2 protein chains.
Amino acid sequence: MNIPQTSSPRVVIVGGGFAGLAAARGLEEQELQVVLIDKHNYHTFQPLLYQVATGGLEPDSIAFPLRKRFNDVENFYFRLAEVTKIDSENNTLETTIGCIEYDILILATGSTTNFFGNKNIQENSMEMKSVPQALNIRSLVLENFEEALLESNLEKRLALMNFVIVGGGPTGVELAGALAEMKKGILPKDYPDLDIRQMKINLIQSSGELLKGMSNKASQKAEDFLRKLGVDVWKNLRVLDYDGETVTTNGEDHFKAQTVIWAAGVKGALVKGMHTDCVLERPCRIKVDRYNKVVGYDNIYAVGDVACMETETYKYGHPMMAQPAIQQGRLVAKNIIAQLKGNSQKAFVYNNKGSMATIGRNKAVVDLPKWKFQGVFAWFVWMFVHLFSLIGFRNKVIVFMNWVYNYIRFDRETRLIIRPYKRKNKYSFDKEHV
Amino acid sequence: MNIPQTSSPRVVIVGGGFAGLAAARGLEEQELQVVLIDKHNYHTFQPLLYQVATGGLEPDSIAFPLRKRFNDVENFYFRLAEVTKIDSENNTLETTIGCIEYDILILATGSTTNFFGNKNIQENSMEMKSVPQALNIRSLVLENFEEALLESNLEKRLALMNFVIVGGGPTGVELAGALAEMKKGILPKDYPDLDIRQMKINLIQSSGELLKGMSNKASQKAEDFLRKLGVDVWKNLRVLDYDGETVTTNGEDHFKAQTVIWAAGVKGALVKGMHTDCVLERPCRIKVDRYNKVVGYDNIYAVGDVACMETETYKYGHPMMAQPAIQQGRLVAKNIIAQLKGNSQKAFVYNNKGSMATIGRNKAVVDLPKWKFQGVFAWFVWMFVHLFSLIGFRNKVIVFMNWVYNYIRFDRETRLIIRPYKRKNKYSFDKEHV
């Protein structure tokens, strides 16, 4: 790894997402050596991935180079690598670029798509947890329309224009809304020789309501907004399989579709080598105490999506979202500093600032702790909050300019197939690469 | 292809670059059916590719969706395909998505990298004629530094930080300058634990001057600018081979380098099926008359890089650049309309508006027909001209914002490895995909 041994304790952070970044920032300017490891050289602002997938934003606008964030930080090291195993007996991490010892380890590996063990679905459907995956969706959607244009067989053409989004959480809802806006504003102009009315957007939710975890009002309003935009919302329907052609469900409805986007679940991105008794099977997350210390270890912490802190309010851990991740990351840094200074640590209490989702132009739902509202104002609040949460001044400005442009012009201009997804056999481009 | 047969003559344009786009625009609103075929669904603004390669601009900012350009044009059809063969006896094109008949054919296929038959160089070096290729260079440069950080063998580390650019035309000069600015401003901050002084940028030119075709003053000043930025300029040196490790030349100097960017030549992107007597071997372009009509054909035109019109001033054809391409594209449209209306055609006369190249911040060279100047003002002129040549209002604004930001902050923020290039074995990502 080529990192110098110093007298300062070494904290290794795995993952530069919301939690890992917050932890690393909290550990600046301390008598510590901090090593941040990530498989990408950038931080991804995941809440806006769906806009990259639907051509509203450029990929670089929602990603931020990790090295730049820590340009002026002393005793900080970034390494582009994937961690393959933890050897906790020797306080060592095995990675794709060699081994590294740690004094304190912070796991902030985030989450990956949960296919619940269904290999067929995993192989044939699209996921959206990273920038390349979002770009793959963008390419596939556009390639489908190019292909539909040439397809004389009606059934095949309909399958190319049939989009199935599985999972009615924020990702599924926002993606369905964005696709519906493409259908309305852009596709009829881009494909005048195709009957875009034949395009279908199906959002399938296994339970009885969308945006589980938000208020009933938000859930109901989001559904109304989607239906108004022409999305077919299917509730209480469970997807059982997808062979690349047909989505089979536990109901009477099946779907012939070339594109299935799986947003029905996430699970903690575990690392090999942990004791089995600290790994929770069901949500597939690492069990931590109130200080985000992994159960059974003295010097390993876990924060964000991968960590499961069971509390009275959050019996199955905190929601796998940006806010708990950021707050845990910040606190774990403070607690590590306190511990090293011999001070007492502070237990984590989640400050739920609220949640929100956008469905489309002038259409969003916002649940604040004391105020729940929907519609135009909610949409502006959503934009404002996301804009200011983006890292980096340049990204804020560029995203803002894009949004202003898209709003005024009813457009999404980055509908480019930079790397084709479907022609992967020809170009040996693989969906494995995320 | 699924394009309706109408009573109007059908003009098929192959290629949506500068020439093809200009031709298509010139044929709007006529009693014609226009079919535009391109292997990408976007137009690429090639003069700024080097900024994508060096992290100054996002790829989407210099690409423009072709369908959008023709949203409101009647009787216009775009098809995403590659042309595999011309069957001129039957007035038919064979493509990857089927055959199409034409009444008039316009070849605007542009140019590809010319390796002059050297398979080794072709296999081991990078080219920069498309957005994915520029992104590959960006990834490779950054991956090299990540790897250099870990490399304890000095010779190997130096090879990772040694960049060889072959070809001292505008592409080579601009790329060398941009890399030198990365070395100066960004890399030392991003890689504080690496001795960036060990990074070398070599620009190799086989003849005695850079920017051949521009004035001596421009050529000399560009060289001065490059040397000031720390670029090693090698003149009168010819690269003979590159095996992936060592660049061998016809001189005494050889270069151990992990990265070779080949900007030493282009050739017309020919299509199979033409009579051999209209294909010029040496520049590998299609011979056209003064009306851009391909020699030996009545209804096939060629415009832009692929076309070679031998005139008294331009004995080996016009320079393979944007300006002649745009002018030929425009005129060929007018001439086709004239022909169909029974009016006389106009011979092409190239209006050379001048040429320019940028080396770095405040450093550019501009040759206008009556005025040649270099330095800060030239740099602003360069920016102004390129900004206003970009297609689309959004792209103009976003590029402008990026440039202002980069100028004020001495930064290039899009240094992201979205799709790794080197780890292609692992991820089966192939350089073939351009």
(request) May I ask you to report, in nm to one decimal and beginning with the shortest, the distances from A:Asn250 to the same position in the other copies, taking label points 7 Å along Cα-to-Cβ? (result) 7.5
(request) Taking each label point as 7 Å beyond Cα in the direction of the beta carbon, state the distances from B:Gly375 to the same residue in the other copies, shortest first, in nm. (result) 6.2
(message) Highest mean first, how do A:173-184, A:285-296 rank when packing is the count of other Cβ atoms within 10 Å averaged over residues?
(response) A:173-184, A:285-296
(message) Over the range B:1-56, with the other protein chains present, what is the accessible area per residue in square angstrom, probe 1.4 angstrom?
(response) 29
(message) For A:Val266, what residues show an amide H to amide H distance below 5 Å, using hydrogens built from the backbone and excluding near sequence neighbours?
(response) A:Asn114
(request) Starting from the Cα of B:Arg361, step 7 Å along the direction of its Cβ; do the same at A:Ser215; then give the gap between the two resulting points in nm. (result) 5.1
(request) Please give the net charge around B:Lys353, taking every other residue with its beta carbon less than 14 angstrom from that of B:Lys353, where Lys and Arg add +1 and Asp and Glu add -1. (result) +2
(request) Pull out a ≥ b ≥ c, the square roots of the eigenvalues of the alpha-carbon gyration tensor of the protein assembly as shown, then state rounded if a/c is under 1.5, prolate if not and a/b is larger than b/c, and oblate in the remaining case. (result) oblate
(message) Below 12 angstrom from the Cβ of B:Val35, what's the summed charge of the other residues (Lys, Arg +1; Asp, Glu -1)?
(response) -2
(request) For the range B:288-300, just list the computed ³J(HN,Hα) in residue order, Karplus coefficients 6.51, -1.76 and 1.60, θ = phi - 60°, integers in Hz, with x standing in for Gly and Pro. (result) 10, 7, 5, 9, 6, 7, 5, 4, x, 10, 9, 10, 10
(request) Using amide H atoms built 1.01 Å from N in the peptide plane, name the residues 5+ places from B:Tyr77, or on other chains, whose amide H lies under 5 Å from its own. (result) B:Val34, B:Val35, B:Leu36
(message) Could you report the buried accessible area between A and B, both sides summed, computed with a 1.4 Å probe and given in Å² to the nearest 100?
(response) 5900
(request) Note down the nm distance, to one decimal, between modelled labels 7 Å out along Cα→Cβ at A:Asp224 and at A:Asn351. (result) 3.3
(message) As a test of the formula, what do you get for chain B when each DSSP H run with n ≥ 4 contributes -39,500 (n - 2.57) and the sum is divided by the residue count, at 222 nm and rounded to the nearest 500 deg cm²/dmol?
(response) -9000 deg cm²/dmol
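If I take all pairs of Cα atoms in chain B, what percentage of them are more than 35 Å from each other?
Roughly 31 percent, rounded to a whole number.
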(request) Round to the nearest 0.05 the FRET efficiency obtained for A:Asn2 and A:Glu101 when R0 = 22 Å and r is the Cβ-Cβ distance. (result) 0.95
(request) Per residue of the range A:60-67, in order, report the coupling 6.51 cos²θ - 1.76 cosθ + 1.60 (Karplus, θ = phi - 60°) as ³J(HN,Hα) in whole Hz, putting x for Gly and Pro. (result) 5, 6, 10, 10, 9, x, 4, 4
(request) Only Cα pairs under 8 Å and at least 6 apart count here; give the relative contact order of chain A as a rounded whole percent. (result) 20
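Under a point-charge model restricted to the Cβ atoms of Lys and Arg (+1) and Asp and Glu (-1), what is the dipole moment magnitude of chain A relative to its Cα centre, in debye to the nearest 20? Show your work: numbers first, answer last.
Details: 54 positive and 47 negative charges, 224 e Å.
Using only the charged Cβ atoms, the result is roughly 1080 debye.
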(message) Angle check, please: helix B:170-181 long axis (alpha carbons) against the longest principal axis of chain B (alpha carbons), in degrees 0 to 90, nearest 10.
(response) 30
(message) Quick check: residue separation of B:Thr246 and B:Gln198 times 0.36 nm, minus the Cα distance between them. What number comes out in nm?
(response) 15.5 nm
(request) Can you tell me the FRET efficiency between B:Glu312 and A:Phe410 if r is taken as the Cβ-Cβ distance and R0 is 60 Å, rounded to the nearest 0.05? (result) 0.70
(message) I'd like the FRET efficiency for A:Asp253 and A:Lys189, computed as 1/(1 + (r/R0)^6) with the beta carbon distance as r and R0 of 41 Å, rounded to 0.05.
(response) 0.85
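Determine the alpha carbon to alpha carbon distance for each of A:Lys272/A:Lys363; A:Lys353/A:Lys396; A:Lys39/B:Lys156; B:Lys129/B:Lys228; B:Lys156/B:Lys228; B:Lys119/B:Lys293 and list only those over 31 Å.
A:Lys272/A:Lys363; B:Lys119/B:Lys293
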(request) Quick one: among A:Met321, A:Met214, A:Met401, which has the greatest mean-square fluctuation in a GNM of chain A with alpha-carbon springs under 10 angstrom? (result) A:Met401
(message) Give me the extension gain from A:Phe377 to A:Glu94: residue separation times 0.36 nm, minus the current Cα-Cα distance, reported in nm with one decimal.
(response) 97.0 nm
(request) Starting at the first residue of the range B:127-134, write each ³J(HN,Hα) from the Karplus equation 6.51 cos²θ - 1.76 cosθ + 1.60 with θ = phi - 60°, in whole Hz, x for Gly and Pro. (result) 10, 9, 10, 9, 4, x, 5, 5
(message) Projecting each Cα onto the charge dipole of the range A:126-227 (Lys/Arg +1, Asp/Glu -1 at the beta carbon, about the Cα centre), which of A:Met161, A:Met128, A:Leu150 comes out farthest on the positive side?
(response) A:Met128
(request) Filter the cross-link list B:Lys184/B:Lys217; A:Lys85/A:Lys346; B:Lys267/B:Lys315 down to pairs whose alpha-carbon distance in this structure exceeds 24 Å. (result) B:Lys184/B:Lys217; A:Lys85/A:Lys346
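Treating the beta-carbon of each Lys and Arg as +1 and of each Asp and Glu as -1, no other charges, what is the dipole magnitude of the range A:1-118 about its Cα centre, to the nearest 20 debye?
Working: 8 positive and 14 negative charges, 63 e Å.
It comes to approximately 300 debye.
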(request) Tell me which residues come under 5 Å, amide H to amide H, from A:His43 once H is placed; ignore anything under 5 positions away on its chain. (result) A:Phe64, A:Leu66
(request) Using a 1.4 angstrom probe on heavy atoms only, work out the carbon and sulfur share of the accessible area of chain B in %. (result) 49
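Just the number please: accessible area per residue for the range A:130-262, 1.4 Å probe, all protein chains included, in Å².
38
The values are calculated or read from the model by the stated rules, or taken from the named source; none is laboratory data. Keep in mind it's a predicted model, so treat the numbers as computed, not measured. Quick reminder, even Gly has a Cβ in these numbers, built from the backbone with ideal geometry, and neighbours come from all protein chains shown. Heads up: the accessible areas ignore ligands, DNA and RNA and are worked out on the full protein's heavy atoms, side chains in. Shrake-Rupley method; radii C 1.70, N 1.55, O 1.52, S 1.80 Å.
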